[in-house]
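Below: one structure, written as structure tokens.
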Amino acid sequence: MRTPQSVRTLEDLGRVRLSQNFFMREFLYSEIANFYGKPNIPTDPDLAIATGRKLCEELLEPLQATFGRVAIRSAYRSEEINALGNANGHNCGSNESNYAAHIWDKRDSEGLSGAMACIVLPWFTDRYQKGADWRALAYWIHDHLPYSQLQFFPKLCAFNIGWHEKPKRTVLSFIEPKGNLFKTAPTDTEYQQLYAGFPALVRSAA
């Protein structure tokens with residue numbers, strides 16, 4: 001697929017079904033692009049679609065099948081939009097750090113592909129706002145899904161979740177306790193107790 005050059009071809013890109021429940025259109029929305037009046041369109045749609053499918057099929061679909069609706073906060077960013085967000089202090093890392101992450105259509109320095117989305121799980125947000133520990137969800141995902149990176153944020157307990165050809169398996173947080181979740185390794189009993197009562201993994205809603 002070529003880079004969209006018209007409303008019709010952009011609509012066609014938005015209609016691409018990445019998985020059972022997710023279409024490309026919902027991943028293209030960007031507050032940064034909206035505010036600055038810039039397009040957020042892949043220059044390599046085929047790579048963006050391929051990596052987006054992996055993200056959806058391997059990570060987002062199991063989360064939605066298990067916990068209910070997955071709300072997309074921020075997902076694909078073009079190089080231009082990510083650079084704009086980085087330059088203006090809008091919580092975007094450098095382009096280099098986002099290749100094969102939020103920039104789905106650009107391979108990283110090792111030539112590997114990946115995709116990332118910032119999401120909210122309302123099922124867990126309700127519990128988080130009543131005092132649930134963010135690490136419960138982090139450990140559940142760590143034990144059940146083939147993620148590459150997780151990064152948790154205080155508002156709504158939104159978190160980045162990334163798929164990558166060569167998973168890094170890192171978990172970082174801006175919620176207390178901040179930093180690297182695995183800096184001090186817990187025992188199996190300690191961390192599994194945090195997500196006691198969570199639903200069992202469901203691979204598909206079908």
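Filtered by the rule that a residue be farther than 21 Å from L59 by Cβ and either touching a Ser or Thr at 6+ places or on another chain (Cβ under 6 Å) or of a type outside the set (S, T, Y) (or both), the stretch 15-39 gives R15, E31, I32, A33, N34, F35, G37, K38, P39.
Kindly establish whether W134 is within 26 Å of T51 (Cα to Cα) and not acidic (D, E). Criteria not met by W134. Answer yes or no as to whether K183 is of a type in the set (D, E, K, R), more than 17 Å from T66 (Cβ to Cβ), in a loop (DSSP other than H, G, I, E, B) and modelled with pLDDT under 95. Yes, satisfied. Filtering the stretch 38-75 to residues that are within 20 Å of L156 (Cβ to Cβ) and hydroxyl-bearing (S, T, Y) leaves T66, S74.
Scanning the stretch 1-45 for residues that are among the hydroxyl-bearing types (S, T, Y), part of a helix (DSSP H, G or I) and modelled with pLDDT of 95 or more yields a single hit, Y36. Selection of first residues in the stretch 22-41 that are more than 14 Å from N88 (Cβ to Cβ) and of second residues that are of a type in the set (V, I, T) and assigned to a helix (DSSP H, G or I), restricted to Cβ pairs under 6 Å at least 6 apart or on distinct chains, gives the following pairs, ordered by first then second residue: N40/I81. Looking only at the stretch 35-42, decide whether some residue is under 28 Å from I141 (Cβ atoms) and of a type outside the set (A, V, I, L, M). Checked against the condition, which is being under 28 Å from I141 (Cβ atoms) and of a type outside the set (A, V, I, L, M), the stretch 35-42 yields at least one hit.
Considering L60, L47, the condition of being buried (at least 22 other Cβ atoms within 10 Å of the Cβ) and within 26 Å of L145 (Cα to Cα) is satisfied by L60 alone. D126 fulfils the conditions (1) in a loop (DSSP other than H, G, I, E, B); (2) over 26 Å from S109 (Cβ atoms); (3) out of contact with any helix residue (DSSP H, G or I) (no Cβ under 9 Å at 6 or more places or on another chain); (4) at pLDDT 95 or above except for a single criterion, (1). Just one of (1) modelled with pLDDT of 95 or more; (2) assigned to a helix (DSSP H, G or I) fails for T189. It is (1). The condition of being closer than 30 Å to D126 by Cβ, surrounded by fewer than 18 Cβ atoms within 10 Å (Cβ to Cβ) and of a type in the set (A, V, I, L, M, F, W, C) holds for only one of A87, A71, A83, that being A71.
Look at (1) farther than 22 Å from F22 by Cα; (2) in contact with a Phe, Trp or Tyr (Cβ under 9 Å, 6 or more places away or on another chain) and you find that S148 fails only one, number (1). The residue pairs whose first member lies in the stretch 75-98 and is of a type in the set (S, T, Y), whose second member is in a loop (DSSP other than H, G, I, E, B), and whose beta carbons are closer than 6 Å, counting only pairs six or more residues apart or on different chains, are Y76/W104; S78/N40. In this structure, does L112 turn out to be in contact with a strand residue (DSSP E or B) (Cβ under 9 Å, 6 or more places away or on another chain) and either crowded, with 22+ Cβ neighbours inside 10 Å or outside any loop (DSSP other than H, G, I, E, B) (or both)? No: the conditions fail for L112.
The values are calculated or read from the model by the stated rules, or taken from the named source; none is laboratory data. Being a predicted model, the structure only gives us computed values, none of them experimental. Cβ atoms come from the backbone with ideal geometry, glycine included; neighbour counts cover every protein chain shown.
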